[in-house]
1. So which of A:W19, A:W28 ends up being surrounded by 16 or more Cβ atoms within 10 Å (Cβ to Cβ) and either free of Cβ contacts under 8 Å to residues at least 40 places away in the same chain or of a type in the set (A, V, I, L, M, F, W, C) (or both)?
2. Which numbered condition trips up A:W19, out of (1) outside the structural domain of A:P176 (by TED's automatic domain parsing); (2) closer than 30 Å to B:L103 by Cα; (3) touching a Phe, Trp or Tyr at 6+ places or on another chain (Cβ under 6 Å)?
3. Exactly one condition in (1) at pLDDT below 90; (2) surrounded by fewer than 17 Cβ atoms within 10 Å (Cβ to Cβ); (3) within 25 Å of A:R97 (Cα to Cα) is not met by B:A77; state its number.
4. Could you tell me whether B:V46 is within 19 Å of A:L89 (Cβ to Cβ), crowded, with 20+ Cβ neighbours inside 10 Å and out of contact with any Lys or Arg (no Cβ under 7 Å at 6 or more places or on another chain)?
5. Can you tell me which residue among A:I168, A:I155, A:I229, A:I173 is surrounded by fewer than 24 Cβ atoms within 10 Å (Cβ to Cβ), under 30 Å from A:P130 (Cβ atoms), more than 7 Å from chain B (Cβ to nearest Cβ) and among the β-branched types (V, I, T)?
6. Mind telling me which of the residues A:A111, A:A160 ends up being surrounded by 24 or more Cβ atoms within 10 Å (Cβ to Cβ), within 7 Å of another protein chain (Cβ to nearest Cβ) and in contact (Cβ under 8 Å) with a residue 12 or more places away in the chain?
7. May I ask you to say which residue of A:Y42, A:Y27 is outside any helix (DSSP H, G or I), under 20 Å from the mean Cα position of the chain (by Cα) and among the hydroxyl-bearing types (S, T, Y)?
8. Given the options B:E80, B:E56, name the one that is under 23 Å from A:L164 (Cβ atoms), under 18 Å from the mean Cα position of the chain (by Cα) and more than 7 Å from every other protein chain (Cβ to nearest Cβ).
Amino acid sequence: MSPQLDALWVYLQANPLGWLTATLIAYWIGRRAQQALGGRPYINPVAIAVILLVTLLVVTGTPYQTYFAGAQFVHFLLGPATVALAVPLYQNWPQVRRSVIPMVAALLAGAITAVTSALGIAWALGASAPSLVSIAPKSVTMPVAMGIAEKLGGIPSLTAVMVLLTGIIGAVIATPLLNALGLKDWRARGFAVGIASHGIGTARAFQVNDLAGTFAGIGMALNALATAILVPLLWQW
Amino acid sequence: MIEAGILLLLCQLAGESLVRALGVPVPGPVLGAVLMLAFLAIRRRVPETLDKTSRELLANFSLLFIPAGVGIIVHWARLEAEAVALIAALIGSTALTIAVTSLVFVWVDRLTGGTPGARQPS
């Protein structure tokens with residue numbers, strides 16, 4: 001390598017700018033790929049972006065810490081974005097108020113199913129204790145899930161991976177699964193996707209139907225609250 | 001955009017502070033969202049800049065999961081060792097949760113009279 005190229009590489013490696021840009025480009029490629037293939041559910045932009053970035057890190061021998069130093073600026077926005085969920089919640093308040101009873105029932109059933117079934121299956125198949133704590137809050141939006149795992153002595157960064165995989169799985173299986181169940185109520189469909197697979201599922205729901213997306217956002221927000229209370233209680237018990 | 005940023009960050013900051021001060025088991029940003037909802041309910045309308053910024057943030061919500069998701073690289077050894085248990089748990093539990101939640105929603109909705117206006121053909 002020429003000295004200039006060498007200097008460029010050192011700059012890109014050490015400076016947050018390079019990895020921040022790479023993250024946005026990888027996401028953009030993922031979105032374009034999904035659009036190009038007609039918005040099919042099994043092509044997930046986040047999955048594509050993560051595969052591209054992991055490949056890039058492995059090929060260049062870059063440690064995750066170096067990558068995260070740049071990408072943390074995107075990660076930081078999870079907090080404000082969670083607060084921003086209050087806006088569609090307020091705007092759709094009349095719809096929400098009319099659906100309060102089915103939502104509360106579905107929230108309780110969904111939150112409990114998400115935690116207990118993940119724990120049950122993982123435990124039955126012999127997952128280790130740290131993995132169990134880390135998988136319990138997998139259906140909840142990332143900053144909240146990481147907070148829960150941290151409080152219970154799990155591994156927050158492992159929880160982040162579980163949350164990401166859950167979101168991708170939910171976004172991929174929701175449409176075929178709900179069609180197979182014969183469900184046509186967009187409120188129920190969206191709400192279920194938001195409860196089970198948080199923000200990535202919600203992003204997918206907004207692609208399919210606006211009302212579904214709104215209820216997915218509400219489901220995600222409510223489940224963040226419900227699981228944050230439920231999981232620590234379950235643990236004590 | 002600046003006003004929206006201030007509002008979002010102030011709510012988050014207040015949420016994080018309250019969680020620590022009161023020792024409640026709820027994550028800070030969630031309490032921040034509750035505070036934002038209270039603020040909007042009192043104001044009785046969404047400031048235009050907040051509406052725009054929130055839409056932009058939520059439209060790209062999945063982007064925000066990528067940096068932590070790339071952390072999969074750090075946990076590769078554990079994931080490989082426990083791959084079957086973890087992947088079965090993730091797929092099984094996610095499918096079960098979607099099915100249970102949507103069925104309970106529709107079932108209770110029907111039981112309580114429902115809102116036919118919200119039901120749209122697929």
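1. Details: A:W28 fails: surrounded by 16 or more Cβ atoms within 10 Å (Cβ to Cβ).
The unique qualifying residue is A:W19.
2. Going through (1) outside the structural domain of A:P176 (by TED's automatic domain parsing); (2) closer than 30 Å to B:L103 by Cα; (3) touching a Phe, Trp or Tyr at 6+ places or on another chain (Cβ under 6 Å) one by one, A:W19 breaks only (2).
3. The single condition B:A77 does not satisfy is (3).
4. Working: within 19 Å of A:L89 (Cβ to Cβ): yes; crowded, with 20+ Cβ neighbours inside 10 Å: no; out of contact with any Lys or Arg (no Cβ under 7 Å at 6 or more places or on another chain): yes.
The answer is no for B:V46.
5. Working: A:I168 fails: surrounded by fewer than 24 Cβ atoms within 10 Å (Cβ to Cβ); A:I229 fails: more than 7 Å from chain B (Cβ to nearest Cβ); A:I173 fails: more than 7 Å from chain B (Cβ to nearest Cβ).
One residue alone meets the criteria, A:I155.
6. Values: A:A111 fails: within 7 Å of another protein chain (Cβ to nearest Cβ).
Sole residue among the options that is surrounded by 24 or more Cβ atoms within 10 Å (Cβ to Cβ), within 7 Å of another protein chain (Cβ to nearest Cβ) and in contact (Cβ under 8 Å) with a residue 12 or more places away in the chain: A:A160.
7. Details: A:Y27 fails: outside any helix (DSSP H, G or I).
That would be A:Y42, the only listed residue that is outside any helix (DSSP H, G or I), under 20 Å from the mean Cα position of the chain (by Cα) and among the hydroxyl-bearing types (S, T, Y).
8. Details: B:E80 fails: under 18 Å from the mean Cα position of the chain (by Cα).
Answer to the check: B:E56.
The values are calculated or read from the model by the stated rules, or taken from the named source; none is laboratory data. These figures come from a predicted structure and were not determined experimentally. Ideal geometry is used to build each Cβ from the backbone, glycine not excepted, and the neighbour counts take in all protein chains shown.
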